[in-house]
Amino acid sequence: MGSKVVSHLDPVALDRAAEILGNGGVVALPTETVYGLGASIDSPSGIRRVFAVKDRPLTHPLIVHGASHEVLDDVAVDVSASARRLAPQVWPGPVSILLLRSDRVSPVVTGGRDTVVVRVPAHSFFRDLVKKLGCPIAAPSANRFGRVSPTSAGHVQDDLGSDVDLIVDGGSSVVGVESTILDMTTDPPQILRHGGVPVEDLEPLVGCSIVEPRGSSRAPGMLASHYAPRCRIHTVETKDAALELLATFDPSTTGLLATPSEVSLFAAQLYDLLRSCDDKGWHHGVVVLPPPVGLGRAIRDRLSKASASPS
Ligand code: TXA
Ligand code: MG
């Protein structure tokens with residue numbers, strides 16, 4: 001069997017990945033946020049395999065990735081003026097926009113919903129692949145459902161290695177947390193998931209305030225327990241509280257996560273730190289949360305989900 005991992009710099013990588021996707025296969029792909037498990041939106045069998053490999057319920061929709069902001073009119077209808085204004089300002093980049101789905105996108109991709117979430121990733125290999133394939137790529141994070149997202153090819157190999165057709169190694173994901181998801185079918189837009197671009201940076205670009213979702217959320221998959229390692233994660237607000245809590249556990253199977261004080265580095269290392277708790281055989285990991293501003297919001301969100309009891 002040929003190697004499943006290919007560098008994004010390997011001259012055969014693009015052709016190989018495009019051929020696999022064109023034939024209904026699944027390829028793990030680098031993005032600036034986390035690695036994605038990609039399938040062509042034109043391949044129902046590829047899309048079904050993504051759900052099967054991830055063990056993901058069929059009602060949890062996938063994000064559709066394009067090569068440029070022109071993807072908006074391909075996959076969505078009734079695109080609001082504010083979405084049209086925002087997209088070219090934030091793409092390529094870690095912002096995903098929820099809009100009404102066009103007929104171009106099968107309901108299999110969107111979990112039967114009449115909406116689609118779309119973004120243009122910053123990793124150039126991903127965009128080149130969309131262009132080569134001639135079709136947007138649906139890609140959830142390349143981890144088993146409910147587990148920690150991957151930010152390196154090695155993480156994907158550990159989790160899904162035997163079940164994917166190819167892993168493209170594009171280096172470590174520089175942002176490290178998933179994209180921010182905005183519902184732009186509403187006015188004002190609603191924040192469905194805090195992520196790689198903080199809301200306070202998006203508000204000037206959309207020209208209004210962005211609000212928390214009202215009523216029943218349009219985004220499924222926002223489960224309380226998610227992004228969870230096997231080790232039990234405990235979140236605290238201060239170093240003193242961490243030391244107090246650490247003293248109550250067996251020191252041989254407990255540790256403090258060594259989180260950087262710079263918040264973008266914290267985000268970039270977050271999932272690797274969570275994974276390392278399991279690698280070290282810890283039963284308990286204690287982490288001091290960053291303040292709830294900027295990227296700190298996304299980090300707090302992921303850590304609160306990682307600390308909810310795993311199933
Ligand atoms: O940064 C990211 O967004 C990464 C990379 C690979 O692009 N992708 C990612 O996908 O995080 P995933 O599947 O792990 O998370 C996507 C979230 C899920 O909670 C899903 O339910 C929600 O987006 N979502 C996708 N399409 C939706 C739709 N049509 N309506 C509501 N929620 C949707
Ligand atoms: Mg995910």
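Coordinate-derived values only; no laboratory data. Predicted, not measured: the structure shown is a model, and the values here were computed from it. So basically every Cβ, Gly included, is an ideal-geometry build from the backbone, and we count neighbours across all protein chains shown.
Return only the number of the condition from (1) in a helix (DSSP H, G or I); (2) surrounded by fewer than 18 Cβ atoms within 10 Å (Cβ to Cβ) that residue 24 does not satisfy.
So the condition that residue 24 fails would be (1).
Within segment 96-114, identify whether any single residue is crowded, with 22+ Cβ neighbours inside 10 Å, under 16 Å from residue 60 (Cα atoms), within 16 Å of ligand 2 (Cβ to nearest atom) and small (Gly, Ala, Ser), and answer yes or no.
yes
Before we move on, is residue 88 free of Cβ contacts under 8 Å to residues at least 40 places away in the same chain and either buried (at least 18 other Cβ atoms within 10 Å of the Cβ) or outside any helix (DSSP H, G or I) (or both)? Explain how you work it out, then say what you get.
Values: free of Cβ contacts under 8 Å to residues at least 40 places away in the same chain: yes; either buried (at least 18 other Cβ atoms within 10 Å of the Cβ) or outside any helix (DSSP H, G or I) (or both): no.
So residue 88 does not fit the description; no.
Report whether or not residue 67 is within 30 Å of residue 265 (Cα to Cα), more than 16 Å from ligand 2 (Cβ to nearest atom) and assigned to a loop (DSSP other than H, G, I, E, B). Talk me through it step by step, then tell me what you get.
Working: within 30 Å of residue 265 (Cα to Cα): yes; more than 16 Å from ligand 2 (Cβ to nearest atom): yes; assigned to a loop (DSSP other than H, G, I, E, B): yes.
In short, yes.
State which residue is surrounded by the most Cβ atoms within 10 Å (Cβ to Cβ) when the search covers only segment 260-308 and only residues that are part of a helix (DSSP H, G or I) and aromatic (Phe, Trp, Tyr).
The qualifying residue surrounded by the most Cβ atoms within 10 Å (Cβ to Cβ) is 271.
Cβ-Cβ distance below 7 Å, separation of 6 or more or different chains: which pairs start in segment 158-169 with a residue that is free of Cβ contacts under 8 Å to residues at least 40 places away in the same chain and end on one that is among the hydroxyl-bearing types (Ser, Thr, Tyr) and surrounded by fewer than 21 Cβ atoms within 10 Å (Cβ to Cβ)?
Here the result reads none, with nothing in segment 158-169 linked to a residue that is among the hydroxyl-bearing types (Ser, Thr, Tyr) and surrounded by fewer than 21 Cβ atoms within 10 Å (Cβ to Cβ).
If I go through segment 124-142 residue by residue, how many of them are assigned to a loop (DSSP other than H, G, I, E, B) and surrounded by fewer than 23 Cβ atoms within 10 Å (Cβ to Cβ)? Walk me through how you get there before you give the answer.
The first filter runs over segment 124-142 and keeps only residues assigned to a loop (DSSP other than H, G, I, E, B), leaving 134-136, 139-140, 142.
From the residues that got through so far, the ones that are surrounded by fewer than 23 Cβ atoms within 10 Å (Cβ to Cβ) too are 134-135.
Counting residues in segment 124-142 that are assigned to a loop (DSSP other than H, G, I, E, B) and surrounded by fewer than 23 Cβ atoms within 10 Å (Cβ to Cβ) gives 2.
For segment 174-188, state whether one or more residues are small (Gly, Ala, Ser), touching a helix residue (DSSP H, G or I) at 6+ places or on another chain (Cβ under 7 Å) and within 12 Å of ligand 1 (Cβ to nearest atom). Before the answer, list the steps.
Applying the first criterion (small (Gly, Ala, Ser)) to segment 174-188 yields 176, 179.
Still in the running and touching a helix residue (DSSP H, G or I) at 6+ places or on another chain (Cβ under 7 Å): 176.
Filter once more, so that each one left must be within 12 Å of ligand 1 (Cβ to nearest atom): 176.
The answer is yes, given that some residue of segment 174-188 is small (Gly, Ala, Ser), touching a helix residue (DSSP H, G or I) at 6+ places or on another chain (Cβ under 7 Å) and within 12 Å of ligand 1 (Cβ to nearest atom).
Is there a residue in segment 51-61 that is under 15 Å from residue 181 (Cβ atoms), outside any loop (DSSP other than H, G, I, E, B) and touching a residue at least 60 places away in the same chain (Cβ under 8 Å)? Give the derivation first.
Restricting attention to segment 51-61, the residues satisfying the condition of being under 15 Å from residue 181 (Cβ atoms) are 60-61.
With outside any loop (DSSP other than H, G, I, E, B) added as a condition, the list becomes none.
No; the residues of segment 51-61 include none that is under 15 Å from residue 181 (Cβ atoms), outside any loop (DSSP other than H, G, I, E, B) and touching a residue at least 60 places away in the same chain (Cβ under 8 Å).
For segment 107-149, how many residues meet the condition of being of a type in the set (Ser, Thr, Tyr) and more than 12 Å from ligand 1 (Cβ to nearest atom)?
Keep residues of segment 107-149 that are of a type in the set (Ser, Thr, Tyr), which gives 110, 115, 124, 141, 149.
Remaining after also requiring more than 12 Å from ligand 1 (Cβ to nearest atom): 124.
Going through segment 107-149 one residue at a time, the tally reaches 1.
Could you go through segment 245-253 and let me know if any residue there is within 30 Å of residue 54 (Cα to Cα), out of contact with any Lys or Arg (no Cβ under 7 Å at 6 or more places or on another chain) and in a loop (DSSP other than H, G, I, E, B). Give the steps one after another, and end with the answer.
First pass over segment 245-253, keeping only residues within 30 Å of residue 54 (Cα to Cα): 253.
Remaining after also requiring out of contact with any Lys or Arg (no Cβ under 7 Å at 6 or more places or on another chain): 253.
From what is left, the residues that are in a loop (DSSP other than H, G, I, E, B) are none.
No, segment 245-253 has no match at all.
Quick one: count up the residues across segment 149-189 that are outside any strand (DSSP E or B), aliphatic (A, V, I, L, M) and within 13 Å of ligand 2 (Cβ to nearest atom).
To start, the set of residues in segment 149-189 that are outside any strand (DSSP E or B) comprises 149-165, 170-179, 184-189.
Narrowing further to those that are aliphatic (A, V, I, L, M): 153, 156, 160, 164, 174-175, 177, 184.
This time we only want the ones that are within 13 Å of ligand 2 (Cβ to nearest atom), so: 156, 160, 177.
Final tally of qualifying residues: 3.
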